[in-house]
Amino acid sequence: MTEPTVITGIRPGLHVHGLDRGETPTADYLCGSCGAHKRVTGRTEVAAFTATNPATDHAQRCNPEPAPAAG
Ligand SMILES: [Zn+2]
């Protein structure tokens, strides 16, 4: 298989990367409802970020743009 990797962006939810030794941890949270995106980098920041349960935290503030009403 020689298909190139297609990067379509981050999927909704919380994703943590770079946990291997020597890497800088990165956490992304993407809201599937309103599209809000937050990224934190650094082991301490990622740990604190995930500890706050971003999905629950964001759900309290999530305010998706309503579909434009006709008129
Ligand atoms: Zn949202």
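Just to be sure I understand the filter: pairs with C-beta atoms under 9 Å, separated by 6 or more residues or on different chains, first member in the stretch 44-58 and touching a residue at least 40 places away in the same chain (Cβ under 8 Å) and within 15 Å of LEU30 (Cα to Cα), second member basic (Lys, Arg) and within 16 Å of the ligand (Cβ to nearest atom). Which pairs pass?
Here the result reads PRO54/LYS38, each pair linking the stretch 44-58 to a residue that is basic (Lys, Arg) and within 16 Å of the ligand (Cβ to nearest atom).
Out of (1) assigned to a loop (DSSP other than H, G, I, E, B); (2) under 9 Å from the mean Cα position of the chain (by Cα), the odd one out for THR24 is which?
So the condition that THR24 fails would be (2).
When the stretch 24-60 is examined, which residues are found to be touching a strand residue (DSSP E or B) at 6+ places or on another chain (Cβ under 8 Å) and charged (D, E, K, R)?
Of everything in the stretch 24-60, those that are touching a strand residue (DSSP E or B) at 6+ places or on another chain (Cβ under 8 Å) and charged (D, E, K, R) turn out to be ASP28, LYS38, ARG39, GLU45.
Hey, among the residues in the stretch 42-71 that are part of a helix (DSSP H, G or I) and among the hydrophobic types (A, V, I, L, M, F, W, C), which one's nearest to the ligand (Cβ to nearest atom)?
Within the stretch 42-71, the match that is nearest to the ligand (Cβ to nearest atom) is ALA59.
Every residue, every condition in (1) aliphatic (A, V, I, L, M); (2) touching a Cys at 6+ places or on another chain (Cβ under 9 Å); (3) at pLDDT below 95, yes or no:
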| site | (1), (2), (3) |
| --- | --- |
| ARG21 | no, no, yes |
| CYS31 | no, yes, yes |
| HIS37 | no, yes, yes |
| PHE49 | no, no, no |
| PRO68 | no, no, yes |
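The values are calculated or read from the model by the stated rules, or taken from the named source; none is laboratory data. Keep in mind it's a predicted model, so treat the numbers as computed, not measured. A quick note on method: Cβ atoms are made from the backbone with ideal geometry, for glycine too, and the neighbour counts reach across all protein chains shown.
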